Structure formats: structure tokens, C-alpha cells
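In what follows, a structure is listed as C-alpha cells, so that the remarks can point back to it.
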Amino acid sequence: MPMNLLQIERREHVAVLTFNDPDRRNVVSSEMNKALLSAFDDLEPDKDIKAVVLTGSGAAFCAGAILDDLLEVAEDKGGALPDIYAGFLRVAHSPLATIAAVNGPAVGAGMNMVLACDLVIAGKSAKFDTRFLDIGIHPGGGHTWRLRNISDLATAKAMVLFGQILSGEEAAHRGIAWECVDNEDLLETAISYAERASGFPKDLFAITKKTLHETATITESVKSVELELAPQRWSMQQPAFVNMVSQLKARIEKKN
């Protein structure tokens, strides 16, 4: 087993996290989860890091939970489902921009890792497989909620209830991925999206991401406007906006 289950590469404002347990197809082990938690604990307060790309080493993105860990939970031997889901939930709740560069199969809890990210870029070799019912257990970790929110009810039912596995191209067509690219272009494409997001002020990105998540509870127009009032007022008082307005006024005055 590799000594470093999670490789971290920094590229200016972007951190590339690579699941590095290829012999076990990058399974969601307790060690992998601990490495993810530690990585985000370090990256989130880092002023230089604004976006994270997650990908897998070898032939898989992430093959899901370890069956023995699931059995321990089922037999009440001290395991806990929240522990199994801790890693991807850390990703899901991060204020950073998160992009999944899916290089191979994403299965079960590995599919949860995909659904946790803000943006999904699929390689031609990607496979999206919920798998829960195939191994005789109910989906967990908010899987059905995330899948339905990122796609639609028909797609969620097809994948969860009818065991449909999507290729990278099918995932992009169904709304699971933003786009599907050649495998050799996958990582650089994902990084290019991360670099675009990292061009925004870090705190502005975080609060806007929070607002987008909160829209799930909004059902009518007036409340949607109210939801955005406070964060938009706040943003208008921040240097990015204030400086932009000052520069714009200066250019106008110079032309006149």
C-alpha cells in the first residue's frame, strides 16, 4: 500500500489531490478519509489556495467503501457510517471551489465523492456507478438527494433503482458531469476550471457558493431576492467591487 494515500500538488492557487491507493482502486478507507480531512484543514485557511481538483491514480477514480468496514457497521462492531462518509462530506461542505476530474470508475461511496464536488469533468474512461442496491444496501451519505439535485428524478431512478452505469459521455449528457474530455486532457481541463474560479476573491466565492446551496429551500421569487440581499450588500463593500468602480470612474473621467 502506498505510504501517501493522498498526494497533494500545489499549482499556484490550485491544489490537486490525487487518491493514491491504486492497488485497491482508491477505496474509501479510514486512512484515506483522515488524509482528506487533514488536507482540507490545511488548504481552507491557506490564503493562496482557492480551488481543489480531486482525481484518482491508476485505473479508477474511487471504488467506494471497503466492504469489511460496512460489515462492521452492520454487525455493530464499533464502526460508524458517519466515519465512512467523513471524507466526501468534508469535500461537500468546503467553501473552496472543488472539481472532480473523474479518470475511471466512481462507485458507491466513490460516486458520493463525485457528487460532493462543485463541478465534475469526466474522462472518456470514466464510469459512474451508484452500486448500492447491487450489494444489498440502501444508499447512504445523502446519495439520493445529491444525485437528484445534480441531475433529475428520472436519472436518479435509472441509476439507483435500475442499476444503470453511465460512461463519461453519458454522464455529461445526463447532467452528472459538466463535460467529457479525452483522458490525456482530463487533468489540465479540470485545472483550467479551477484556475478560473481561483480568479475570484476567496471569500466572495465561498459566500456565493453558500447562497447557491441555500436556494434549495426557496420556492418563490420574493424569498429568492431576500436571500441575496445581505450577501450582495456585503460584496459591494469589499475591495474587489470598490476598486473596480474606482478604476471604471477613473477611465471615464480620463476619456472626458
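Looking at (1) of a type outside the set (S, T, Y); (2) touching an Asp or Glu at 6+ places or on another chain (Cβ under 7 Å); (3) at pLDDT below 95, which one does I165 not meet, given that it meets all the others? Result: I165 fails condition (3) only. The single condition from (1) over 30 Å from A158 (Cβ atoms); (2) touching a Lys or Arg at 6+ places or on another chain (Cβ under 9 Å); (3) loosely packed, with under 12 Cβ neighbours inside 10 Å; (4) not acidic (D, E) that K255 fails is (2). Of the helices (runs of 4 or more DSSP H) that lie entirely inside the stretch 103-166, those containing 2 or more residues that are touching a residue at least 40 places away in the same chain (Cβ under 8 Å), touching a strand residue (DSSP E or B) at 6+ places or on another chain (Cβ under 6 Å) and not assigned by TED's automatic domain parsing to the domain that holds T208 span 109-115.
For R10, the test of being assigned to a strand (DSSP E or B), at pLDDT 95 or above and of a type in the set (D, E, K, R) is passed.
For the stretch 32-66, a residue qualifies if it is of a type in the set (G, A, S), part of a loop (DSSP other than H, G, I, E, B) and in contact (Cβ under 8 Å) with a residue 60 or more places away in the chain, and the qualifying residues are A59, G64. Scanning the stretch 67-102 for residues that are in a loop (DSSP other than H, G, I, E, B) and at pLDDT 95 or above returns H93, S94, P95, L96. Run down A216, A177 and say which single residue is assigned to a loop (DSSP other than H, G, I, E, B) and in contact (Cβ under 8 Å) with a residue 60 or more places away in the chain. Exactly one of A216, A177 is assigned to a loop (DSSP other than H, G, I, E, B) and in contact (Cβ under 8 Å) with a residue 60 or more places away in the chain, namely A177.
Residue-wise test of (1) among the acidic types (D, E); (2) farther than 21 Å from A106 by Cβ; (3) buried (at least 17 other Cβ atoms within 10 Å of the Cβ); (4) under 17 Å from the mean Cα position of the chain (by Cα).
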{"residue": "H138", "(1), (2), (3), (4)": "no, no, no, no"}
{"residue": "L161", "(1), (2), (3), (4)": "no, no, no, no"}
{"residue": "G168", "(1), (2), (3), (4)": "no, no, yes, yes"}
{"residue": "R196", "(1), (2), (3), (4)": "no, yes, no, yes"}
{"residue": "D203", "(1), (2), (3), (4)": "yes, yes, no, no"}
{"residue": "E226", "(1), (2), (3), (4)": "yes, yes, no, no"}
{"residue": "L229", "(1), (2), (3), (4)": "no, yes, no, no"}
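Here is a yes/no grid of residues against (1) closer than 18 Å to S192 by Cβ; (2) hydrophobic (A, V, I, L, M, F, W, C):
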| site | (1), (2) |
| --- | --- |
| E9 | yes, no |
| E12 | yes, no |
| A15 | yes, yes |
| P22 | no, no |
| M32 | no, yes |
| A35 | no, yes |
| F40 | no, yes |
| T55 | yes, no |
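The values are calculated or read from the model by the stated rules, or taken from the named source; none is laboratory data. Predicted, not measured: the structure shown is a model, and the values here were computed from it. As a convention, Cβ positions derive from the backbone with ideal geometry for all residues, glycine included, and neighbour counts pool all protein chains shown.
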